[in-house]
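Following: one structure in structure tokens, then a few remarks.
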Amino acid sequence: MELQKITCGGCGASLSLSGEPKFVDCRFCGASLRVVRNDSAVFTEVQERVEALGDEVAELRKDADLRALEDRWAATQRELSGYDRRGRLMRPTRGFAVFIMAACLLCGIPGIVSAIITQRNVFAPLGFTFFVLMFGVVRGGGTWRQATRYEEAERAYLEERRALMQLEGE
């Protein structure tokens, strides 16, 4: 059996190996070493350092995943939100959808009542009233759907974020 000379990655002491072990303990400093072989060399890595690096890589992956999630959520918010007069994002809400529909209904009812009471030129007020009511239904319904999509996307984002944060705690 051939002996191989290697150097301890912890203290630099010369060690002799027989066979092809994957792990060895340094008899001088007591470090647990992983034996690494490639095409041209055999060397050792201190096992605690390898494990620490593995933990650091896992932590970096979690951070990158969290950052990617936050970026996707920001893009989704921009896609599903409207903007106010100052250019700030406005979250769509069902309450605003109801407000749009109610406002259009309240504006449309007087047109219908006045057309019925006056019985003059009924088609113009009814046409305008119909337009106002349809605007309320279409715009209010669209806002309602947008608010629903936003809430579903936010729920999915929060669940994924919670799962990533639980992984971080482990």
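We did not get these values from a lab; they are worked out from the coordinates using the rules stated. Only a predicted model underlies this, so the values are computations on that prediction, with no experimental measurement involved. For neighbour counting, all protein chains shown are included, and Cβ atoms are generated from backbone atoms with ideal geometry for every residue, glycine included.
General remarks:
- Taking each residue as 0.36 nm, the span from SER16 to ALA102 lengthens on full extension beyond its C-alpha to C-alpha distance by 22.3 nm.
- In a fully extended conformation the segment linking GLU70 and VAL138 would gain 21.3 nm over its present Cα-Cα distance, using 0.36 nm per residue.
- Crossing angle, helix 47-80 versus the chain [Cα axis fit, 0-90 degrees, rounded to tens]: 10 degrees
- Acute angle (nearest 10 degrees) that the helix 94-118 long axis makes with the longest principal axis of the chain, alpha-carbon atoms: 10 degrees
- Charge dipole (debye, nearest 20) of the chain; +1 at Cβ of Lys and Arg, -1 at Cβ of Asp and Glu: 1340 debye
- Compared with the dominant principal axis of the Cα atoms in the chain, helix 123-169 is inclined by about 20°.
- Taking label points 7 Å from Cα along the Cα-to-Cβ direction, LEU53 and ARG162 give a separation of 3.8 nm.
- Cα gyration tensor shape for the chain, rounded if a/c is under 1.5, else prolate or oblate: prolate
- Peptides 156-165, 138-147 ranked from most to least packed, by the mean per-residue count of other Cβ atoms within 10 Å: 138-147, 156-165.
- Cysteines having no other Cys beta carbon under 4.7 Å from their own, within the chain: CYS104, CYS107
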